[in-house]
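The values are calculated or read from the model by the stated rules, or taken from the named source; none is laboratory data. Small disclaimer: the values here were computed from a predicted structure and weren't measured. Positions of Cβ are generated from backbone atoms using ideal geometry, with glycine treated the same way; all protein chains shown enter the neighbour counts. Side chains included, ligands, DNA and RNA excluded: accessible areas come from the protein's heavy atoms. Shrake-Rupley method; radii C 1.70, N 1.55, O 1.52, S 1.80 Å.
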Amino acid sequence: MGVQENAPGGRGPCDGRVEGGGKREGMVAKERPNHPGGRKPVDKVRRLQDRLRDAAKRHPERRFHALYDRIARSDILAEAWLLVKRNKGAAGVDVETIADVEEHGVEQVLSELQFALRAGTYRPQAVLRRYIPKADGRKRPLGIPTVRDRVVQAAAKLVLEPIFEADFKDCSYGFRPGRSATDALEKLRVEGKRSDHVLDADIRDYFGSIDHELLMARVSRRVSDRRVLKLLRQWLRAGVMEDGRETTSRSGTPQGGVISPLLSNIYLAYLDDVWTKRCAEVGVLVRYADDFVVMCKAAKDCEEAERRVRILLAQLKLELHPEKTRRVELSRGKQGFDFLGCHLRKRMSGPIWMKKRKLVFFLQRWPSQRSMKRIKQRVKELTPKSRCHEDPRKVIAALNLVLDGWGRYFRTGNASDKFREIDRHVSWRLKRMRIARKGRHLKEGEAKRWTESYFNGLGLHRLRGTIRYPGAA
């Protein structure tokens, strides 16, 4: 595969566009190619990635040296541009947008980047610092590279990712081709059958604490091309522009860069490697980027898991967040924990109790309180009274984008009750708008007909009934 990530084209639970995982096959996968001879031409970029991946798998100790020229290849840069364009994104410090690049001429811009790379004159610009609100009320810093820098980063990722993918362990799910948050959650559901204790871990300021020298040492274990290493160092040391002032940092990698997720996975791969080889008997590690949990069978194993995690993170110059890291007991539904937007807790199986009078608990998941709060806030933003005079179908169309994406993310769990709650909330917000539109002309009993079914008839997406389990629950 190429550089498809967890939910290709997806923005997350509240922003609509969440597509299916990379492992499923639909009708397209079964169609016959239309090309003469019955075979499609081999994509050169994919063929290069396959060769790199195969070579890395066959030779775990191999260090790759001839990579820089491949990053500067015209077909790699063209593919990188398509990825950057697809992900959209804002302009960087040079205020050049994707539309500006298209107006200037994509081929011209890519040609300029290729020339700069081959001539050794390419220099990344500072990233633009922006902040986005977090669920706890604080703000998360983002570093937005320029569009041109994002293209070069995407080109580097196309070449480097297959090499490191050969080394990454199965316990890592975040920002990897063909792997998704749903895969990580399903792993927890399966492990929940035999585990009653969880280390719910949180790394303090992970992206701001990555040590550049340790990171580059880990990259160098697979890459010996000095020009590629120099390129990565340039991105790590690029300045940060905030309020007109540029600053530099000797640690951390800014969230928002195309290459940042890959670098963060390379850095934490040390934790995955050591845990898989030496600590697997303590518990099962499930990691999604910098968020991870360890599923353990006994309380003493959970304590030992925390002790070992602290030691391993210290070797990476990282530490657990003292307030957000905790040990959770799952047995008989005593406690639960939040992970990847879901709340996970064990619930008793009603059918087994009815048939066998036996208490059996399964780990289930549904949208967390924070996820519910965010989706309700998003619905509120789209349904203010000031829009009451607009065509309700226009408002519903905007709601559907959000509801469909949010529902696709959570529909693989046990979210029926939460889905019904959101359906009722959305209908109430739309009904409120209709009442505001009528004002003093509202007739007695008229509002009673504005039910969920009424708005569904106008095209409102209904979450209820959309649950799709990826496996037996």
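To keep it simple, each residue is scored yes or no on (1) touching a residue at least 24 places away in the same chain (Cβ under 8 Å); (2) open to solvent by less than 90 Å² (accessible area, probe 1.4 Å); (3) among the charged types (D, E, K, R); (4) under 17 Å from ILE259 (Cβ atoms).
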residue: ARG58; (1), (2), (3), (4): no, no, yes, no
residue: GLU61; (1), (2), (3), (4): no, no, yes, no
residue: HIS65; (1), (2), (3), (4): yes, no, no, no
residue: ASP94; (1), (2), (3), (4): yes, yes, yes, no
residue: GLU107; (1), (2), (3), (4): no, no, yes, no
residue: LEU110; (1), (2), (3), (4): yes, yes, no, no
residue: ARG123; (1), (2), (3), (4): yes, no, yes, yes
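Quick check on this structure: which one of ARG130, ARG118 is open to solvent by 50 Å² or more (accessible area, probe 1.4 Å) and assigned to a strand (DSSP E or B)?
ARG130
Of all residues in segment 403-455, those satisfying the criterion of being under 30 Å from CYS342 (Cβ atoms) and of a type in the set (A, V, I, L, M, F, W, C) are LEU403, TRP406, PHE410, ALA415, PHE419, ILE422, VAL426, TRP428, LEU430, PHE455.
Of all residues in segment 397-419, those satisfying the criterion of being open to solvent by less than 50 Å² (accessible area, probe 1.4 Å) and under 21 Å from ASP183 (Cβ atoms) are GLY405, TRP406, GLY407, TYR409, PHE410, THR412, GLY413, ASN414, ALA415. Considering segment 301-319, and only residues there that are in contact with a Leu (Cβ under 8 Å, 6 or more places away or on another chain) and more than 24 Å from GLY256 (Cβ to Cβ), the residue that is surrounded by the fewest Cβ atoms within 10 Å (Cβ to Cβ) turns out to be ARG310.
Just to be sure, is ALA298 open to solvent by 20 Å² or more (accessible area, probe 1.4 Å), closer than 23 Å to LYS187 by Cβ, free of Cβ contacts under 8 Å to residues at least 24 places away in the same chain and small (Gly, Ala, Ser)? No. Remark: pairs (first residue in segment 231-250, under 21 Å from ALA154 (Cα atoms); second residue assigned to a loop (DSSP other than H, G, I, E, B) and open to solvent by 70 Å² or more (accessible area, probe 1.4 Å); Cβ separation under 6 Å; 6+ apart in sequence or on different chains) = GLY239/THR248.
So in segment 343-373, with the set limited to residues that are without any contact (Cβ under 8 Å) to a residue 40 or more places away in the chain and of a type in the set (D, E, K, R), which one is surrounded by the most Cβ atoms within 10 Å (Cβ to Cβ)? Among residues in segment 343-373 that are without any contact (Cβ under 8 Å) to a residue 40 or more places away in the chain and of a type in the set (D, E, K, R), the one surrounded by the most Cβ atoms within 10 Å (Cβ to Cβ) is ARG345.
Yes/no per residue for (1) in contact with a helix residue (DSSP H, G or I) (Cβ under 6 Å, 6 or more places away or on another chain); (2) at pLDDT 95 or above:
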residue	(1), (2)
ALA29	no, no
ASN34	no, no
ARG63	no, yes
LEU67	yes, yes
GLU96	yes, yes
ASP100	no, yes
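Those helices (runs of 4 or more DSSP H) of segment 174-279 in which 1 or more residues are under 27 Å from ARG118 (Cα atoms) and open to solvent by 40 Å² or more (accessible area, probe 1.4 Å) occupy 212-220, 226-236.
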